[in-house]
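The values are calculated or read from the model by the stated rules, or taken from the named source; none is laboratory data. All figures in this text were calculated on a predicted structure; none of them were measured in a lab. Ideal geometry is used to build each Cβ from the backbone, glycine not excepted, and the neighbour counts take in all protein chains shown.
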Amino acid sequence: MSISARNVFKGKVTELKEGPINAEVEITTSGGDKIVAMLTEGSVKSLGLGMGADAIAVVKTPWVTLLAGTPQYRFSARNMLHGTVSSFVKGAVNCQVNIMLPGGSPISAMVTNAAVADMNLTEGTPVVALFKASHVLVGVPV
Amino acid sequence: MSISARNVFKGKVTELKEGPINAEVEITTSGGDKIVAMLTEGSVKSLGLGMGADAIAVVKTPWVTLLAGTPQYRFSARNMLHGTVSSFVKGAVNCQVNIMLPGGSPISAMVTNAAVADMNLTEGTPVVALFKASHVLVGVPV
Amino acid sequence: MSISARNVFKGKVTELKEGPINAEVEITTSGGDKIVAMLTEGSVKSLGLGMGADAIAVVKTPWVTLLAGTPQYRFSARNMLHGTVSSFVKGAVNCQVNIMLPGGSPISAMVTNAAVADMNLTEGTPVVALFKASHVLVGVPV
């Protein structure tokens with residue numbers, strides 16, 4: 001199977017908070033990077049998700065917002081992954097920014113070229129990759 | 001009226017599961033393609049959605065993830081539309097992949113060029129277009 | 001701090017509807033532009049959001065859908081901002097459309113070049129920028 005999303009985090013379910021309607025699922029990679037996903041309780045049941053289960057978290061690049069510099073705001077997003085810019089793929093309008101997380105997982109964000117310029121991003125810049133738990137897709141092995 | 005989103009599915013409400021807070025709405029096109037949207041119960045009321053009502057489901061291309069090959073994972077997304085790649089619009093970083101669904105509805109996904117290469121996508125490749133019900137906008141005729 | 005998202009609305013919380021699970025937060029800029037965000041009730045508490053609090057609403061350009069012409073549909077999205085196209089940044093596939101809102105806030109949408117052509121968008125075209133409350137990130141000053 002191949003998947004178009006550039007960010008696929010393979011790991012295990014390390015936390016599962018179930019509510020009447022929604023559930024929050026934390027998936028931790030073997031390197032220790034952590035992704036939180038928000039699913040319906042129905043999906044938790046139909047996927048058979050439980051603590052320790054193998055799972056993947058999928059995040060498309062256009063859903064990832066980058067922060068750099070001294071934090072001036074706290075955000076509502078459940079996922080705030082600290083990493084370092086490793087490379088760029090530049091287009092006419094958009095730029096794919098590749099980031100390395102401390103646990104060894106890469107994550108990419110699609111941002112505008114203007115954002116890269118404004119943020120003064122270069123290889124090695126420390127950044128935070130921000131995305132909502134409700135934007136994460138979860139998969140379990142067939 | 002014109003709309004920037006490339007994926008507009010015109011159909012009728014064929015299923016409506018209402019909860020205290022959210023509701024799941026299935027819209028089926030005349031050709032039989034089905035889209036599931038998650039709305040707040042407030043939106044269901046204010047739009048006057050009911051079984052058989054005319055409605056459109058709107059999905060922007062960056063919200064669509066593509067899968068190809070033998071399924072290795074089951075996903076939390078409510079929309080998994082099986083179709084065939086019909087054409088591409090390639091840029092420097094991103095590529096718009098156009099897909100034809102069995103019911104005759106086209107659907108497009110914005111993915112990276114790297115994804116197209118990794119997935120070995122060509123015209124005629126069978127793919128699955130994946131997106132969350134919570135990413136779908138619903139409209140009803142004025 | 002710098003942020004990659006092109007749409008950052010700085011304002012104050014002017015409405016707060018809390019439910020058992022989710023909350024709807026309206027942020028109004030000094031110029032009077034209004035953005036509605038959907039957060040978990042947990043986020044409202046952890047951010048300490050209350051009426052009159054300083055906050056920012058963050059919306060990435062791929063989340064914004066544009067409408068033009070005579071309205072033919074009513075939509076489920078809580079945010080429908082009426083504005084005027086001010087400029088474009090065109091790529092091979094995608095185009096960043098910059099829009100000015102009446103309160104003086106700019107908002108940008110990433111749409112396909114095909115959409116710009118189909119919609120006949122030019123500088124000065126009146127448009128509606130549409131996005132779901134659940135796609136908005138909220139930040140509060142540290």
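Yes or no: segment B:82-89 includes at least one residue that is without any contact (Cβ under 8 Å) to a residue 60 or more places away in the chain, under 13 Å from the mean Cα position of the chain (by Cα) and not assigned by TED's automatic domain parsing to the domain that holds B:Val36.
The initial filter retains those residues of segment B:82-89 that are without any contact (Cβ under 8 Å) to a residue 60 or more places away in the chain, namely B:82-89.
From the residues that got through so far, the ones that are under 13 Å from the mean Cα position of the chain (by Cα) too are B:82-83.
Next cut, not assigned by TED's automatic domain parsing to the domain that holds B:Val36 only: B:82-83.
Checking segment B:82-89: at least one residue is without any contact (Cβ under 8 Å) to a residue 60 or more places away in the chain, under 13 Å from the mean Cα position of the chain (by Cα) and not assigned by TED's automatic domain parsing to the domain that holds B:Val36.
Look at B:Leu67 and say whether it is closer than 27 Å to B:Asn22 by Cβ and more than 9 Å from chain A (Cβ to nearest Cβ).
Values: closer than 27 Å to B:Asn22 by Cβ: yes; more than 9 Å from chain A (Cβ to nearest Cβ): no.
Criteria not met by B:Leu67.
Assess whether A:Thr84 counts as being more than 30 Å from A:Glu24 (Cβ to Cβ), more than 10 Å from chain B (Cβ to nearest Cβ) and hydroxyl-bearing (Ser, Thr, Tyr). Give the steps one after another, and end with the answer.
Working: more than 30 Å from A:Glu24 (Cβ to Cβ): no; more than 10 Å from chain B (Cβ to nearest Cβ): yes; hydroxyl-bearing (Ser, Thr, Tyr): yes.
In short, no.
Can you find a residue that is exposed (fewer than 14 other Cβ atoms within 10 Å of the Cβ) and not charged (D, E, K, R) anywhere in segment B:36-48?
First pass over segment B:36-48, keeping only residues exposed (fewer than 14 other Cβ atoms within 10 Å of the Cβ): B:41, B:45-46, B:48.
Narrowing further to those that are not charged (D, E, K, R): B:46, B:48.
Yes, that holds for at least one residue.
Looking at segment B:88-98, which of its residues are part of a strand (DSSP E or B), within 11 Å of chain A (Cβ to nearest Cβ) and either aromatic (Phe, Trp, Tyr) or surrounded by 22 or more Cβ atoms within 10 Å (Cβ to Cβ) (or both)? Reasoning before the result, please.
First, pick out the residues of segment B:88-98 that are part of a strand (DSSP E or B): B:88-90, B:94-98.
Keeping just the survivors that are within 11 Å of chain A (Cβ to nearest Cβ) gives B:90, B:94-95, B:97.
Result: B:Asn94, B:Cys95, B:Val97.
For C:Val59, indicate whether it is touching a His at 6+ places or on another chain (Cβ under 8 Å), crowded, with 18+ Cβ neighbours inside 10 Å, within 11 Å of another protein chain (Cβ to nearest Cβ) and aliphatic (A, V, I, L, M).
Yes, satisfied.
I'd like the full set of residues that are at the interface with chain B (Cβ under 9 Å from one of its Cβ atoms) and of a type outside the set (A, V, I, L, M), limited to segment A:1-21.
Pass one, segment A:1-21, residues at the interface with chain B (Cβ under 9 Å from one of its Cβ atoms): A:1-6, A:20-21.
Passing the criteria: A:Ser2, A:Ser4, A:Arg6, A:Pro20.
Can you pull out every residue in segment A:99-139 that is facing another protein chain (nearest Cβ under 9 Å), in a loop (DSSP other than H, G, I, E, B) and of a type outside the set (Lys, Arg)? Quick ask: steps written out before the conclusion?
Of the residues in segment A:99-139, the ones facing another protein chain (nearest Cβ under 9 Å) are A:108-116, A:118-121, A:127, A:130-139.
Narrowing further to those that are in a loop (DSSP other than H, G, I, E, B): A:120-121, A:132, A:136.
A:Asn120, A:Leu121, A:Val136, listed by residue number.
Kindly indicate whether C:Thr28 is within 28 Å of A:Ala115 (Cα to Cα), at pLDDT 95 or above and more than 9 Å from chain A (Cβ to nearest Cβ). Don't jump to the end; show me each part of the working.
Values: within 28 Å of A:Ala115 (Cα to Cα): yes; at pLDDT 95 or above: yes; more than 9 Å from chain A (Cβ to nearest Cβ): yes.
Answer is yes for this residue.
Here is a list: C:Gly52, C:Gly32, C:Gly11, C:Gly83. Which entry is of a type outside the set (A, V, I, L, M, F, W, C), in a loop (DSSP other than H, G, I, E, B) and touching a strand residue (DSSP E or B) at 6+ places or on another chain (Cβ under 8 Å)?
On the way: C:Gly32 fails: touching a strand residue (DSSP E or B) at 6+ places or on another chain (Cβ under 8 Å); C:Gly11 fails: in a loop (DSSP other than H, G, I, E, B); C:Gly83 fails: in a loop (DSSP other than H, G, I, E, B).
Going through C:Gly52, C:Gly32, C:Gly11, C:Gly83 in turn, the sole match is C:Gly52.
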